[in-house]
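Input: a single structure, listed below in structure tokens.
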Amino acid sequence: MEKGKVYLVGAGPGDPELLTIKAARLIAAADVIVHDGLVDDAVIALCNADARFISVAKQRSRHSVPQEGINAILVREANAGNLVVRLKGGDPFIFGRGGEEAEACQAAGVAVEAIPGVSAALGCAAEAMLPLTHRDAASAVQLCRWTVQGPD
């Protein structure tokens, strides 16, 4: 866990026990946590209490901080030598704009790493005990056929 680096961390579907070990270690050690509104309070409770928390919660058509501002925060905080966790509900690269944030960090010469989270598609199926594949019923799963309109 390096200082002066941004970690794009997926918080998963909300249950803190579904965090990866690496995600749990990072949120416990972070100097700065930039979090969205989809992160469950139970996950926030595991974060370093001494960290500086920056909420960048978004709602449809109402963004508290525009994406360019979030990118700037990540770069600024990493350049100040902080261990920065961008904590996102679900997975950072599924409707999480993690790709844009990673590109902004890379363009600014800031080290960035993505830590995946359990996506809602997988988490909901597991909670309902619905296997997405099964030897007798489904030999493949295709998530890309779903059409979901993003907030913009």
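Return only the number of the condition from (1) closer than 25 Å to E127 by Cα; (2) of a type in the set (K, R); (3) touching a strand residue (DSSP E or B) at 6+ places or on another chain (Cβ under 6 Å) that K5 does not satisfy.
(1)
So which pairs qualify, if the first residue must be in the range 114-129 and over 11 Å from D91 (Cα atoms) and in contact (Cβ under 8 Å) with a residue 60 or more places away in the chain, the second must be part of a helix (DSSP H, G or I) and of a type in the set (V, I, T), the Cβ gap must be under 7 Å, and the two must be at least 6 apart or on different chains?
Final answer for the pair search is none.
Inside the range 1-79, counting only strands (runs of 3 or more DSSP E) that do not spill past its ends, which hold 3 or more residues that are surrounded by fewer than 21 Cβ atoms within 10 Å (Cβ to Cβ) and at pLDDT below 95?
Correct list: empty, since no element meets the threshold.
Scan the range 31-42 and tell me whether some residue there is on the phi < 0 side of the Ramachandran plot and in contact with a Phe, Trp or Tyr (Cβ under 7 Å, 6 or more places away or on another chain).
yes
Would you pick out the residues in the range 80-93 that are surrounded by fewer than 20 Cβ atoms within 10 Å (Cβ to Cβ) and either part of a helix (DSSP H, G or I) or at pLDDT below 95 (or both)?
Correct list: F93 only.
Would you be able to say whether some residue in the range 100-111 is over 25 Å from L143 (Cα atoms), hydrophobic (A, V, I, L, M, F, W, C), assigned to a loop (DSSP other than H, G, I, E, B) and touching a residue at least 60 places away in the same chain (Cβ under 8 Å)?
yes
For the range 96-107, state whether one or more residues are at pLDDT below 95, among the aliphatic types (A, V, I, L, M) and either buried (at least 16 other Cβ atoms within 10 Å of the Cβ) or in contact with a strand residue (DSSP E or B) (Cβ under 7 Å, 6 or more places away or on another chain) (or both).
Among the residues of the range 96-107, not one is at pLDDT below 95, among the aliphatic types (A, V, I, L, M) and either buried (at least 16 other Cβ atoms within 10 Å of the Cβ) or in contact with a strand residue (DSSP E or B) (Cβ under 7 Å, 6 or more places away or on another chain) (or both), which makes the answer no.
The values are calculated or read from the model by the stated rules, or taken from the named source; none is laboratory data. Remember, predicted model here, so these are calculated numbers, not experimental data. Using ideal geometry, Cβ is built from the backbone for each residue, glycine included, and neighbour counts are taken over all protein chains shown.
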